[in-house]
Amino acid sequence: MKINLVMIVKNEERSLKRCLQAARPMVDEMIVVDTGSSDRTMEIAREAGAKVYEFSWVRDFSAARNYALSQSEADWNLVLDADEYVRPLKRKALVESLARGDKQYGQGNWMGAILRFDSYRERQTGNSGENGSKNDAGMISVSSALLPRILPKGVCYRGMIHEQPDTEMPCLLLPLKVDHDGYLLEGKSQRNLEYLEEAVRQEPENPYYWYQMAVTLRESGKLQESLPWFRKLYSKDIGGGYRTDGMLRYLYTLMDIGTAAELDEAKTVIDREEAVLGKRADFCFVCGLFYTKLVLSDVQRYISYLPRIEESYLSCLRIGEHPEAETVAGTGSFKAAYNLGLWYELSGQSQKARTYYQKSAKDGYEPAKERLKMLGAKSGH
């Protein structure tokens, strides 16, 4: 069984060496296609032992990826970007999992998914902060995503940006885990937006592009502009994990804007989605943030929602962490425990607050450690 690494790159000298070194033990050959670098990218790739090719950029990510795939003769192609780093894994474990997939679906009749862990900085909105309290703003958080990245020979890509494998083959999660730090860099959102606008003109009824437009506008700070795309996505009865992520980001956007109209809209979405998403820690976490914001917006009107704050975070902790479900790390553990500690502290329940701050601090969450110090100072200990 032959496994190749297949990549497209441009000006990736910051991360390419690390990426190639991490992937090397997993693959037989490394194929790197450069789309116009002006730095040492190609030199670094050759030094690492990769086969390096050049491709003239035509404003189409699928075209570049498909050219790269055409250079590989492997049974399986591991597709990575230069800012993605494979966690240590014995090649034998990967080969065995591929063999099990072949036995289940037939050789070459399925794709393999990796579990990617995305690092990113919390958005500084002055409100709740995405996926945490406002004390999180600017901190680095981690979310998980399942991505079809181990492709059998012959499978190609479609889509000029945010390209996807052009196949209806089933996808099986493999034991390969990958860390990704590209979201920590600035500038990609605006570049992507230009391509997305063109992609939407070409495929105006593609809901995946609605999702990407909404997310990209949000990440660019264009919250009001993102809402029509979130609403369009919400109105469509579609499957796919990206819709769930879209609904969560939709709720964060409504809360970040924070007017009475947007809070009413968020309440409607939560009420409708709870039956489907209520078993997800990240959804319950959003609910905890939302009910806090709702009560604070008009205490007299929404006082009856006060118990739902505590209930939401307790639900998060009962559900726990499930990275394979594509969630934000901490929404089922340390972030939920910290926000629960804040809730108990603000409601005068100091001992309960300490208990949950300690749970959060045990996982290394710095804001919880700071709150424990402040509580100790207040009590004289």
Relative contact order of segment 158-308: what whole-number percent is it, with Cα pairs under 8 angstrom and at least 6 residues apart? 13
Could you list the residues of segment 354-372 with an amide nitrogen less than 13 Å from a label point located 7 Å from the Cα of D179 in the Cα-to-C-beta direction? none
For S333, tell me the accessible area in Å² from a 1.4 Å probe, rounded to the nearest 10. 30
Using 1/(1 + (r/R0)^6) with R0 = 56 angstrom and r between the beta carbons of S297 and R201, what's the FRET efficiency to the nearest 0.05? 0.90
Under 11 Å, Cβ to Cβ, from V33 - net charge with Lys/Arg +1 and Asp/Glu -1: +1
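Calculate, for L146 and A261, the FRET efficiency according to 1/(1 + (r/R0)^6) with r their C-beta to C-beta distance and R0 51 Å; round to the nearest 0.05.
Efficiency for this residue pair is about 0.90.
Quantify, in whole percent, the carbon and sulfur part of the accessible surface of the chain (1.4 Å probe; protein heavy atoms only).
49
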Please arrange D34, D363, D237 by accessible surface area, largest first, computed with a 1.4 Å probe and ligands excluded. D237, D363, D34
Leaving ligands and nucleic acids out of the surface, order H322, H162 by accessible area at 1.4 Å, largest first. H322, H162
For the chain, with equal point scatterers placed on the C-alpha atoms only and solvent neglected, what are the log10 I(q)/I(0) values from the Debye formula at q = 0.11 1/Å, to two decimals? -0.86
For C287, what accessible surface area do you get with a 1.4 Å probe? Give it in Å², rounded to 10. 10
Three principal axis extents, largest first, for the C-alpha atoms of segment 250-332, in Å? 38, 23, 21
If you restrict to DSSP beta bridges whose two residues both lie in the chain, what percentage is antiparallel, to the nearest 5? 50
Note the angle between two axes, namely the Cα long axis of helix 223-235 and the longest principal axis of the Cα atoms of the chain, as a number of degrees from 0 to 90, rounded to the nearest 10. 80
Given Cβ charges of +1 for Lys and Arg and -1 for Asp and Glu, the option among S70, L115, S97 whose Cα lies farthest towards the positive end of the dipole of segment 49-130 is S97
For S235 and M139, FRET efficiency with R0 = 41 Å and r from the beta-carbon atoms, rounded to 0.05? 0.75
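So how much slack lies between D28 and K90, counting 0.36 nm per residue of separation and subtracting their Cα-Cα distance, in nm? List each step's numbers first, then the result.
Details: separation 62, 0.36 × 62 = 22.32 nm, distance 1.35 nm.
Stretched fully, the D28-K90 segment lengthens by 21.0 nm.
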Can you list the lysines whose alpha carbon sits under 20 Å from that of K279, skipping same-chain ones fewer than 8 residues off? K267, K335
With axes computed from alpha carbons, what is the tilt in degrees of helix 366-379 against the longest principal axis of the chain, rounded to the nearest 10 within 0 to 90? 20
Tell me the per residue accessible area of the chain using a 1.4 Å probe; a whole number in Å² is fine. 47
I want the local charge near N11. Using Cβ-Cβ distances under 11 Å, sum +1 for each Lys or Arg and -1 for each Asp or Glu among the other residues. -1
Would you calculate the separation in nanometres between label points at D271 and S119, each defined as 7 Å from the Cα along the Cα-to-beta-carbon direction? 4.3
Scoring only Lys, Arg, Asp and Glu (+1, +1, -1, -1) among other residues with Cβ under 13 Å from the Cβ of S304 yields +1
Could you sort R100, R191 by their accessible area in this structure, using a 1.4 Å probe and putting the largest first? R100, R191
A correct Karplus calculation of ³J(HN,Hα) over segment 88-96, with 6.51 cos²θ - 1.76 cosθ + 1.60, θ = phi - 60°, whole Hz and x for Gly and Pro, returns x, 7, 5, 4, 4, 5, 5, 4, 5
How much accessible area does D39 have with a 1.4 Å probe, in Å² rounded to the nearest 10? 50
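The values are calculated or read from the model by the stated rules, or taken from the named source; none is laboratory data. Fair warning: this is a prediction, and the values are worked out from it, not measured in the lab. Cβ coordinates were reconstructed from backbone atoms using ideal geometry, including for glycine residues, and neighbour counts include every protein chain displayed. For the accessible areas, the whole protein counts, side chains as well, though only heavy atoms, and no ligand, DNA or RNA atoms are used. Shrake-Rupley method; radii C 1.70, N 1.55, O 1.52, S 1.80 Å.
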